[in-house]
Amino acid sequence: MGKVVVWNLMSLDGYFEGARKWDLDFHQLVWGPELETLSKELGSKAEVLVFGRVTYEGMKAYWTTTEDETEIKTFMNALPKIVGSRTLETADWNNSRVVTDVAAELTRLKQASNKNIYIFGSAELVASLLSDDVIDEIMVCVVPVLLGQGTPLFKPADERTSLKLLESRPLQSGGVILRYETEKSAA
């Protein structure tokens with residue numbers, strides 16, 4: 001059975017983007033061969049990519065227009081994608097579809113596959129799926145910077161979510177990849 005895995009880069013003070021939408025310049029502080037290799041690995045292990053509407057629109061805009069011809073661009077455009085949205089009716093990025101009950105769809109998909117389902121960005125969707133106990137792993141690359149303001153990756157929640165550390169991997173850039181299993185997955 002596959003796993004539902006959240007993957008994101010965030011500042012040490014918890015922001016996955018700066019003060020403005022798509023302010024991701026701080027990602028360049030850790031981007032390099034190690035994260036490129038990891039990105040390729042994730043692409044080869046992925047069954048489907050999942051985004052909230054805002055992240056979907058930004059990812060689509062970037063990956064369909066970038067002139068960088070990389071393996072990462074290839075898998076980002078080719079892999080099936082699910083867009084969790086209450087406002088979009090259609091999704092026109094290659095192999096994309098809109099789903100309103102994302103929790104039910106991801107539960108069905110992970111039981112039908114041995115590959116992982118990756119959620120990129122999408123803080124609102126992540127909060128919802130954590131509440132619904134759908135997420136199996138959270139993987140973040142902590143970027144050694146304090147942004148001071150921005151969009152937090154993790155939203156306030158009604159209850160605590162306990163995590164079990166699976167891996168901590170320092171990068172030559174000074175970033176650290178942390179991989180956690182959610183409590184219900186560890187049980």
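I'm checking a number: the convex hull volume of the Cα atoms of segment 86-142, normalised per residue, in Å³. What is it?
Spread over its residues, the Cα hull of segment 86-142 gives 120 Å³ apiece.
With no solvent and one equal point scatterer placed on each C-alpha of segment 45-187, evaluate the Debye formula and give log10 I(q)/I(0) for q = 0.14 Å⁻¹, two decimals.
For the requested q values the scattering log ratios are -0.77.
Using a 1.4 Å probe, how large is the accessible area of LEU166, given in Å² and rounded to the nearest 10?
Around 60 Å² of this residue is reachable by solvent.
As a test of reading the structure, rank THR151, THR107, THR37 by solvent-accessible area (1.4 Å probe, protein chains only), most first.
My answer, sorted largest first, is THR37, THR107, THR151.
As a test, work out the antiparallel percent of DSSP beta bridges whose residues both lie in the chain, rounded to the nearest 5.
Looking only at bridges with both residues in the chain, the antiparallel portion is about 40 percent.
Are there trypsin sites (Lys or Arg not before Pro) in segment 1-81 that DSSP marks as loop and that have at most 12 other Cβ atoms within 10 Å, and which are they?
ARG20, LYS21
On a 1.4 Å probe surface of the protein chains, which of ASP158, ASP92 comes out largest in accessible area, and what is the full order?
Final ranking, largest accessible area leading: ASP158, ASP92.
How would segment 1-128 be classified by its alpha-carbon gyration tensor: rounded, prolate or oblate, with rounded meaning a/c under 1.5 and the a/b versus b/c comparison settling the rest?
On the way: a/c = 1.39, a/b = 1.24, b/c = 1.12.
Rounded, since a/c falls under 1.5.
How big is D, in µm² s⁻¹, for segment 55-109 by Stokes-Einstein at 37 °C and 0.692 mPa s if Rh is the Kirkwood radius over C-alpha pairs?
After rounding, the answer is 272 µm²/s.
In whole Hz, what ³J(HN,Hα) sequence does segment 11-28 give by Karplus (6.51, -1.76, 1.60; θ = phi - 60°), x for Gly and Pro?
5, 4, 8, x, 9, 9, 8, x, 5, 9, 4, 6, 7, 10, 3, 5, 4, 5
Can you compute the helix-only [θ] at 222 nm over the chain? Use -39500 (n - 2.57) per DSSP H run of at least 4 residues, normalise by all residues, nearest 500 deg cm²/dmol. Show your work: numbers first, answer last.
Values: 6 runs with 56 residues, N = 187.
Calculated mean residue ellipticity at 222 nm is -8500 deg cm²/dmol.
What does the accessible area of SER173 come to, in Å² to the nearest 10, when a probe of 1.4 Å is used?
50 Å²
Treating only the Cβ atoms of Lys and Arg (+1) and Asp and Glu (-1) as charged, compute the dipole magnitude of segment 71-186 about its Cα centre; round to the nearest 20 debye. Spell out each step's value before the answer.
On the way: 13 positive and 15 negative charges, 60 e Å.
Its charge dipole is roughly 300 debye.
Let a ≥ b ≥ c be the square roots of the eigenvalues of the Cα gyration tensor of segment 1-52; is it rounded (a/c under 1.5), or, if not, prolate (a/b larger than b/c) or oblate?
Values: a/c = 2.41, a/b = 1.49, b/c = 1.62.
Taking the square roots of the gyration eigenvalues as a ≥ b ≥ c, segment 1-52 is oblate.
So for the chain, taking the charge dipole from beta-carbon charges (+1 Lys/Arg, -1 Asp/Glu), which of VAL30, GLY150, SER168 sits furthest toward the positive end?
Checked the options; the winner is SER168.
Compare MET1, MET59, MET76 by solvent-accessible area with a 1.4 Å probe and give them largest first, with all protein chains kept in place.
MET1, MET59, MET76
In the full protein assembly as shown, how much of LEU24 is accessible to a 1.4 Å probe, in Å² to the nearest 10?
Roll a 1.4 Å probe over it and LEU24 shows about 50 Å².
Please identify every one of the GluC sites (Glu not before Pro) in segment 106-187 that sits in a loop by DSSP and has no more than 16 other beta carbons within 10 Å of its own beta carbon.
GLU159
Of the cross-linked pairs LYS110/LYS155; LYS40/LYS164; LYS45/LYS81; LYS73/LYS155, which ones have a Cα-Cα span greater than 20 Å in the structure shown?
Pairs exceeding the cut-off: LYS110/LYS155; LYS40/LYS164; LYS73/LYS155.
The values are calculated or read from the model by the stated rules, or taken from the named source; none is laboratory data. Not measured: the values here are computed from a predicted model. Ideal geometry is used to build each Cβ from the backbone, glycine not excepted, and the neighbour counts take in all protein chains shown. In case anyone asks, the SASA skips ligands and DNA or RNA and just uses the protein heavy atoms, side chains included. Shrake-Rupley method; radii C 1.70, N 1.55, O 1.52, S 1.80 Å.
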